[in-house]
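Some notes on the structure that comes next.
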Amino acid sequence: MAGKRNKKRPHSRTVELKRQVEQEKLASEKDRAKKRMDPTARLLLYGDLVFLALFSFLEYKGLISDLASGLCTIIGVILLVIALWLQFGRKRDESGFGKGPRRQKSRINCSKLE
């Protein structure tokens, strides 16, 4: 009788299938989150598009000088480069807010141990 109490019940196939489906669902959500565009970069790109369109229109109408137009184009290109860096240049895992301060890894000097 005591031997029957200690035997574990074998897991059914449905439990394993449910667990596998849940893991696939989590993996697809993580993959979708990786591919999602950074909201800051998206806002900066839209703002840059409106900024350049506005100043292109003002230049077309002759309301601003060539110097001001060139300056606005340079500012627009700088904003574009910043937006692209925010989207593709930095690693998302290292840039998160609310993760707390980074800890330095302690290094052990092997020569002192001997």
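For this structure, a couple of remarks:
- Within region 8-62, the set of residues being more than 18 Å from the chain's Cα centre (by Cα) and outside any helix (DSSP H, G or I) comprises LYS8, ARG9, PRO10, HIS11, SER12, GLY62.
- Enumeration of residues in region 63-72 that are open to solvent by 70 Å² or more (accessible area, probe 1.4 Å) and in a helix (DSSP H, G or I): ASP66, LEU67, LEU71
- Subset of region 27-59 (residues that are open to solvent by 60 Å² or more (accessible area, probe 1.4 Å), of a type outside the set (Lys, Arg) and modelled with pLDDT under 80): GLU29, ASP31
The values are calculated or read from the model by the stated rules, or taken from the named source; none is laboratory data. As the structure is a prediction and not an experimental result, all values here were calculated from the model. Surface areas here come from the heavy atoms of the whole protein model, side chains and all, with no ligands, DNA or RNA. Shrake-Rupley method; radii C 1.70, N 1.55, O 1.52, S 1.80 Å.
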